[in-house]
2 protein chains.
Amino acid sequence: MVKIGILGVGTVGESVAKILEENGDIIEARAGKKIVVKSGVVRDLSKKREVDIVLSDNPSDVVDDPEIDIVVELMGGVEEPYALVKRALENGKAVVTANKALLAYHRYELQEIAGDIPLMYEASTAGGIPVIGALRTGLSANHIESIQGIMNGTCNYMLTKMINEGAQYDEILKEAQDLGYAEADPTFDVGGFDASHKLLILASIAYGLDAKPEDILIEGIENITQTDVAFAKEFGYEIKLLGIAKKVQDENGESGVELRVHATMIPQESMIAKVDGVMNAVTVVGDRVGETMYYGPGAGGDATASAVIADIVDIVRGNQGPMLGYKKGLESGLRLLSKDEIVTQYYIRLEVDDQSGVLAAITSTLGEFGISIESMLQKPTHNEEIAKLLFTTHKTQESKMQDAIKALGKLDVVHGEIAMMRIEK
Amino acid sequence: MVKIGILGVGTVGESVAKILEENGDIIEARAGKKIVVKSGVVRDLSKKREVDIVLSDNPSDVVDDPEIDIVVELMGGVEEPYALVKRALENGKAVVTANKALLAYHRYELQEIAGDIPLMYEASTAGGIPVIGALRTGLSANHIESIQGIMNGTCNYMLTKMINEGAQYDEILKEAQDLGYAEADPTFDVGGFDASHKLLILASIAYGLDAKPEDILIEGIENITQTDVAFAKEFGYEIKLLGIAKKVQDENGESGVELRVHATMIPQESMIAKVDGVMNAVTVVGDRVGETMYYGPGAGGDATASAVIADIVDIVRGNQGPMLGYKKGLESGLRLLSKDEIVTQYYIRLEVDDQSGVLAAITSTLGEFGISIESMLQKPTHNEEIAKLLFTTHKTQESKMQDAIKALGKLDVVHGEIAMMRIEK
C-alpha cells in the first residue's frame, strides 16, 4: 500500500482523494499497489470538505510523517510550498505538484534537491493534458524547433466569445467572471502571467533553459477590440493567447530561443487555431517527428487531479526519469534571446487623419526602421475626419517595431494609442 | 553505453540509426547514456543502405549477441518477428517494436514472456504521436469511456481529397498510389485492417481486452461516393475512417466494449473532424479528465523512428512500467460486444423508383425492425424514373439494421446495392 499526504485540500485536492477512492480498482490495477490518502493539511480546519480524510493545519503532519510515501502539493503560492516540498524531498518522500508558480521560480533548485527522488508535475501545465509526459519522454529523440500553447482557458474562452459572438472585451470579461471562468482580479489570467509559468516549464524540458517570468516577454489580451477581430477574419487569422518557445538563429548564426506570451494572430487553418472555448492545446514541432499537438481540458478539479494521479501511478510503478527530462546538460550554449531580439510579423492598428498624404507619412516612417507593409485595410470611424488604419508588416525585429511605433505616435496625423499584435505563421 | 540491434533495416530502421547519430548529443543528455547501433539484420545484404552499420542476414547475430542490450524489431509480418522477439526477451534483452500486426495477434503472449523486461511499442500506433504513453501513463486515473482514432493516413488523405476536391474514390486512389501514400494493393489500408491493429493495441491498454482482428467489425472506405460526401456536408458531418472503442451498457446493464473500424460520419465541429490529409489523431475520453486528443504524423521514417527512440530512451532511463499498462487484471468482467450488439445511428443510401408510395414502403419496412428515420434527402439521378434516397436513422442495433437492409433490398421499388455508413455523435 502506498500512502499519500496532500498539502492543500481545495478543489483539486478533494478531486484527488475522491478519484483515488472511486476509481481505486483501476488505479490499483495500473499501479500494481493500492494508493490511499493518509492525511491532508489545510489552512482552515473549520471549513467543510467534500471528502472524508484526516486533516491537520500543521504541514509537518504530512511532510515529516514517516508513513507517508508521496507528498502531493496543491497549496499555491511560491515560497511556502518551496520550503515544504524541499523538506519532503529531504525526508526522502516523492513529490507530485500541480503548482506552476513554484516551478516557474524554483524548478532548477528543486531538481537539484530531488536528485534521484521523483518530483513530478504533469498537472502544472495544461491541466489534464499529459503534455509534460509527451515532451519529457515521447519526443526525446527530437531537437525541439518550437512550442505553441493555448495554456489559459480563461483567455481562450474570452477570445472565442469575442470572435464568435462579436461582443466587446469588457462584456465578455464580466460574463466569464459570472461563470467562474475568470477571477475578480483577472490580471493573472488575462495578462498572460499564468501562461508564462507554464511556458517556462515546457521550455526547460525542451531546451534546458533556466528563465524566470521577469526574463521574458509577457503581454495579455486586454487591448483587443472588435476592430482587430474583424481584421483577423478578413485576412484568415484566428486570435489566440499563445505561449511561444522557438529556436532561432540570432544575427551571428548562433542558436537562441525566443520565449514569449502574447495575443497572436495565427492562420485559421492551423490545428491550434481550431481550439475553442476553455480548452487548452499545445503544439510541439520536433526536428524529426514534425508537428504534434496535445489537446484537452486545461483546468478543473477532476481534470487536474487526473494528471496528479497519473504522476502518482508513475512513481508507484518505479519511474525514475529525470525531473526536467535530461540527465546531463542539454544543448549547452543555447541562450534565451532578449525581448528586443524577437523577430516576427506584426499587426498594427492606429487612427489617422482621413486625408491625402497620410499613408505616405506612415510608410515612410516605417521605412526608416526597415519595416515594410504586407497587407492593409482602411476603415471609417464615426468621426468622418478620422480613419482607422490596420496593417500587417513583413518580418522585423521587435526593437525596430517598438521604435517605429514610438515614431508613428509622434506624427501629427496619428491620434491616440497605437495597438499592436504579433503574427505567427 | 547502450547497444542496439535492429531487425529489419528499411526506411524506419535507417531513420533510427541516422537520428541516433545526428541527434546523439541531445538523446544522450536525455537518456543519461550514449546509445549506439551495434548491428542490424536484413534479408538482402546486397541492397544499398543509407546508413553505415554492420549488417548480417542472420537474425541470431542480433537476438543472441550478448553485447546487445536492446533489440529494435522493424521487420513486419507476424510469426517470424514473434519468434525473434520471444528469443530476444528470453535472452534478457529489452525490445522495442513498431510492428502493429505482431501486437494485434501476440501482445498478451509477449507481455507474459517479457515479465519485468521492458517491451515497448510507442511507434506501433499512430506513428510519431506519443499516444501509447498518454494512455498507458497520462490517463491512468481514468476509466476510459471511449477512443476514436484516425489511425490510417492513406484513408484520411483520400477522404480529405474526396471532400475538398470533389473527386471520385478511384481517381484519388490512383493519385495516392502515384504519391506513394497507398500501396499497389491498397486493401490493408483502405479496407480498415491497418487501423484495426492499432485499435486493438489501444483497447488493450484502455480495457485489458484480448481480441484479435477477426473478432471485431472492420470495414473500409471503398464504397464511399460523392453522393455520400454531399449528404455529409449538407447535414454538418465530416467522413473519417475511425477506429472506435467504446464502453457501453449492454441490454442486461452489464458493461461491455464495442470495438470497430469503419467509415464514420462525425459532426464537423468535433476536434477530430478537423484532422485533414495524412495526419493522424486519437481522441480519448476519460471519466475524470474528459476529452483529450493527440495529433501528429502517423507514418514516415523519421516520425516513426522518433517514437522508436523515445521508447529506447525510456528503457535506458530505467522505465519499468507494465507493457500493456496494468500490473493486475484490468476491469474484470468487461466483455467484447459482438458485431451484432453495436448500437449507433446509421446513414443509408439507396436508389428507388421515383413514384408515390415508395417512401411509405421504406419507412414501413424500417418500422418492422423498430428503426425510425432522423433526416432524409431525396435526389434525382440521370435516370428520371429513379431517385436517390439518403437518410439517417435514430440509434438502433447493428443486427436490426443489417436485417432491415436485407428487407429493403427485397422491395420491388429498391434497385441495386444499398450503401450504409455509421454515425457517431
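For the stretch B:288-346, a tally of residues being out of contact with any Asp or Glu (no Cβ under 8 Å at 6 or more places or on another chain) and outside any strand (DSSP E or B) returns 28. For the stretch B:32-49, state whether one or more residues are open to solvent by 10 Å² or more (accessible area, probe 1.4 Å) and part of a helix (DSSP H, G or I). No, the conditions are met nowhere in the stretch B:32-49. Of everything in the stretch B:328-337 that is at the interface with chain A (Cβ under 7 Å from one of its Cβ atoms) and surrounded by 18 or more Cβ atoms within 10 Å (Cβ to Cβ), the residue that is farthest from A:GLY138 (Cα to Cα) is B:GLU331. The helices (runs of 4 or more DSSP H) falling completely within the stretch B:133-227 that include 2 or more residues that are within 14 Å of another protein chain (Cβ to nearest Cβ) and not charged (D, E, K, R) map to B:153-165, B:193-207.
Restricting attention to the stretch A:94-112, report how many residues are without any contact (Cβ under 8 Å) to a residue 60 or more places away in the chain and farther than 12 Å from A:GLY76 by Cβ. Adding up the residues that qualify gives 4. Annotation: B:ILE309 fulfils all but one of (1) closer than 30 Å to A:VAL316 by Cα; (2) at the interface with chain A (Cβ under 10 Å from one of its Cβ atoms); (3) out of contact with any Leu (no Cβ under 7 Å at 6 or more places or on another chain); the unmet one is (3). Of all residues in the stretch A:267-304, those satisfying the criterion of being among the small types (Gly, Ala, Ser) and either open to solvent by 10 Å² or more (accessible area, probe 1.4 Å) or facing another protein chain (nearest Cβ under 7 Å) (or both) are A:SER270, A:GLY277, A:GLY286, A:GLY290, A:GLY296, A:GLY298, A:ALA299, A:GLY300, A:GLY301, A:ALA303.
Check the stretch A:93-102 and report whether any residue there is farther than 23 Å from A:GLY301 by Cβ, more than 14 Å from chain B (Cβ to nearest Cβ) and either among the basic types (Lys, Arg) or open to solvent by 30 Å² or more (accessible area, probe 1.4 Å) (or both). Checking the stretch A:93-102: at least one residue is farther than 23 Å from A:GLY301 by Cβ, more than 14 Å from chain B (Cβ to nearest Cβ) and either among the basic types (Lys, Arg) or open to solvent by 30 Å² or more (accessible area, probe 1.4 Å) (or both). Among the residues here, B:ILE68 does not qualify as within 14 Å of chain A (Cβ to nearest Cβ), at pLDDT 95 or above and either touching a Lys or Arg at 6+ places or on another chain (Cβ under 7 Å) or over 20 Å from B:ASN99 (Cβ atoms) (or both). Residue-level analysis places A:GLU238 outside the set of residues that are open to solvent by 20 Å² or more (accessible area, probe 1.4 Å) and in a loop (DSSP other than H, G, I, E, B).
Listed here are the residues, each with its yes/no results for (1) in contact with a strand residue (DSSP E or B) (Cβ under 9 Å, 6 or more places away or on another chain); (2) under 27 Å from B:TYR294 (Cβ atoms).
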{"site": "A:ILE132", "(1), (2)": "yes, yes"}
{"site": "A:THR137", "(1), (2)": "no, yes"}
{"site": "A:SER140", "(1), (2)": "no, yes"}
{"site": "A:LEU159", "(1), (2)": "yes, yes"}
{"site": "A:GLU175", "(1), (2)": "no, no"}
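All conditions but one from (1) within 30 Å of B:LYS93 (Cα to Cα); (2) facing chain A (nearest Cβ under 10 Å); (3) out of contact with any Gly (no Cβ under 9 Å at 6 or more places or on another chain) apply to B:ASP314; the one that does not is (3). Got at least one residue in the stretch A:208-231 being open to solvent by less than 40 Å² (accessible area, probe 1.4 Å), among the aliphatic types (A, V, I, L, M) and over 21 Å from A:MET420 (Cβ atoms)? Within the stretch A:208-231, one or more residues are open to solvent by less than 40 Å² (accessible area, probe 1.4 Å), among the aliphatic types (A, V, I, L, M) and over 21 Å from A:MET420 (Cβ atoms). The residue list B:LYS425, B:LYS406 contains one member that is touching a residue at least 40 places away in the same chain (Cβ under 8 Å) and either open to solvent by 10 Å² or more (accessible area, probe 1.4 Å) or in the same structural domain as B:VAL248 (by TED's automatic domain parsing) (or both), which is B:LYS425.
Each residue in the stretch A:278-307 was checked for being touching a helix residue (DSSP H, G or I) at 6+ places or on another chain (Cβ under 7 Å) and over 27 Å from B:GLY298 (Cα atoms), and 6 pass.
Conditions tested, residue by residue: (1) free of Cβ contacts under 8 Å to residues at least 40 places away in the same chain; (2) β-branched (Val, Ile, Thr).
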{"site": "A:GLY5", "(1), (2)": "no, no"}
{"site": "A:GLY8", "(1), (2)": "no, no"}
{"site": "A:GLU14", "(1), (2)": "no, no"}
{"site": "A:ILE19", "(1), (2)": "no, yes"}
{"site": "A:ALA29", "(1), (2)": "yes, no"}
{"site": "A:VAL41", "(1), (2)": "yes, yes"}
{"site": "A:LYS47", "(1), (2)": "yes, no"}
{"site": "A:VAL54", "(1), (2)": "yes, yes"}
{"site": "A:ASN58", "(1), (2)": "yes, no"}
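Going by what's in this entry, would A:LEU411 be described as crowded, with 18+ Cβ neighbours inside 10 Å and either more than 21 Å from A:GLN355 (Cα to Cα) or assigned by TED's automatic domain parsing to the domain that holds A:TYR346 (or both)? In short, no.
Return the only residue of B:GLU341, B:GLU374 being in contact (Cβ under 8 Å) with a residue 24 or more places away in the chain, open to solvent by 60 Å² or more (accessible area, probe 1.4 Å) and either within 14 Å of chain A (Cβ to nearest Cβ) or of a type outside the set (A, V, I, L, M) (or both).
Every option except B:GLU374 fails the conditions.
Here's the yes/no breakdown for (1) on the phi > 0 side of the Ramachandran plot; (2) more than 22 Å from the chain's Cα centre (by Cα):
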site	(1), (2)
B:SER15	no, yes
B:GLY24	no, yes
B:GLY32	yes, yes
B:VAL36	no, yes
B:VAL51	no, yes
B:SER60	no, yes
B:ASP64	no, yes
B:ILE68	no, yes
B:VAL72	no, no
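So, A:GLU251, is that one surrounded by fewer than 22 Cβ atoms within 10 Å (Cβ to Cβ), more than 14 Å from chain B (Cβ to nearest Cβ) and part of a loop (DSSP other than H, G, I, E, B) or not? Criteria met by A:GLU251. Within the stretch B:103-121, track down each residue that is open to solvent by less than 10 Å² (accessible area, probe 1.4 Å) and within 15 Å of B:ASP314 (Cβ to Cβ). Matches in the stretch B:103-121: B:ALA114, B:LEU119, B:TYR121. Among the residues making up the stretch A:62-88, those that are in contact (Cβ under 8 Å) with a residue 40 or more places away in the chain, open to solvent by 10 Å² or more (accessible area, probe 1.4 Å) and touching a Leu at 6+ places or on another chain (Cβ under 9 Å) are A:LEU74, A:MET75, A:GLY76, A:LEU84.
The values are calculated or read from the model by the stated rules, or taken from the named source; none is laboratory data. A quick note: this is a predicted structure, and the numbers were derived from the prediction, not measured. Heads up, the Cβs are rebuilt from the backbone with ideal geometry, glycines too, and the neighbour counts pull from every protein chain shown. Areas reflect the complete protein model, heavy atoms only, side chains present, ligands, DNA and RNA absent. Shrake-Rupley method; radii C 1.70, N 1.55, O 1.52, S 1.80 Å.
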